[in-house]
Amino acid sequence: MKIFKEFVSASAPGKCILFGEHAVVYGYPAISIGFNLKSKCTIERIKNNRIQLEFKNFNDSYEFKNFKHLLSESSFTHKQIKKGLKLISSRIDEEINNIKIEISSNLLIGSGLGSSASISVALMAAFDDFYNLNLSKEELSHLAYEMEKIVHGNPSGIDNTTCTFGNLIYFQNNKFQVLKIPKNLELIITYTGIKHKTSKAIEYIKKVKDQYPVLTSIILQNIGKITQIAKEEIKRENIKGLGLLMTMNQGQLSSLGISNHVISHIIDISLNNGAYGSKLTGAGLGGCVITIGNNLKELSSVLNENGYKNFLVEVDKEGVKIDESR
């Protein structure tokens, strides 16, 4: 049995899309950041012949007699994790056993912040170290992408890429480049309080595109062009220009029907309190709003007064990493 470590802990950042969500699924560029709220996965070797899993965020735990039991148990609803375990089992060419896995996340589930990708990346990195597989970050990202398909159906790949590499990323057609982070880039993420499902939002856009192909293509092209211009403004470190472009991007997303009154309210509060720009981030239909500006602590207080949970965040420059290994 291939077990080389007693204990491993890995973490991966969340992701936030600044420009280009939904358009990125159709081959247009997007810009995202990895940020400093993270998911964590620990793997521990245990003596008894069992597989134990604990999901801290759901207060949910499982124990299986063996790997076949895990795969066949219908009550184990975490299909994404099951997929990941099958991928690793294939890599080590034997069944996983004698381990305890704990998964937790500081990211809000179903909020557009890449919780599923962050968890997938952290899990793959932990297994990579646990079994001494020596996988590259590109390989970890690809494995996480296969897991993401279980959750999102037809993901673009931007979530797993961002959660693997962190930083500020320009992404298009599964290729990416890391952009220099502008000085004075201040970010605040605000939660609408409405959970969403990315796969449903992607399917909704597809239906709109099928019904009105010409109009939808124009909107997606506009989003792509905004993203390209945003890349240049990032190089110029023009934060106010980025803010204006974010608000333009929001207008395009709203015309696709994936915004709502809560998102609009958060954006109005932000822009009326000095923000440079604000838009939904991720799939839409709820989730979160990303805002850039200056002195955002004051805006954070105003949002709190209006009942909106929010986070002042920083760009994560490391991506997925091993926090402990012994």
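The values are calculated or read from the model by the stated rules, or taken from the named source; none is laboratory data. Please read these numbers as outputs of a predicted model, since none were measured by experiment. Please note: Cβ atoms are built from the backbone with ideal geometry, for glycine as well, and neighbour counts cover all protein chains shown.
Annotations for the structure displayed:
- Taken over region 144-185, the residue count meeting the criterion of being in a loop (DSSP other than H, G, I, E, B) and of a type in the set (Phe, Trp, Tyr) is 0.
- Exactly one residue among Ala230, Ala201 is surrounded by 21 or more Cβ atoms within 10 Å (Cβ to Cβ) and touching a Phe, Trp or Tyr at 6+ places or on another chain (Cβ under 6 Å), and that residue is Ala230.
- When each of Ser141, Ser217, Ser199 is tested for being part of a helix (DSSP H, G or I), assigned by TED's automatic domain parsing to the domain that holds Leu299 and under 28 Å from Ile101 (Cβ atoms), the lone residue that passes is Ser199.
- Looking across region 279-320, the residues that are over 16 Å from the mean Cα position of the chain (by Cα) and part of a strand (DSSP E or B) come down to Lys279, Thr291, Ile292, Gly293, Asn310, Leu312.
- Within region 43-56, the set of residues being under 14 Å from Ile81 (Cβ atoms) and out of contact with any Leu (no Cβ under 9 Å at 6 or more places or on another chain) comprises Gln52, Glu54, Phe55, Lys56.
- Scan of region 198-214 for residues that are of a type in the set (Lys, Arg) and at pLDDT below 90, ordered by number: Lys200
- Apart from one condition, Ile181 fits all of (1) surrounded by 16 or more Cβ atoms within 10 Å (Cβ to Cβ); (2) on the phi < 0 side of the Ramachandran plot; the exception is (1).
- Condition met for Ile109 (modelled with pLDDT under 95, surrounded by fewer than 21 Cβ atoms within 10 Å (Cβ to Cβ) and within 26 Å of Leu299 (Cα to Cα)): yes
- Qualifying residue in region 279-289 (condition: more than 18 Å from Leu113 (Cβ to Cβ), surrounded by 14 or more Cβ atoms within 10 Å (Cβ to Cβ), outside the structural domain of Lys38 (by TED's automatic domain parsing) and in contact (Cβ under 8 Å) with a residue 24 or more places away in the chain): no
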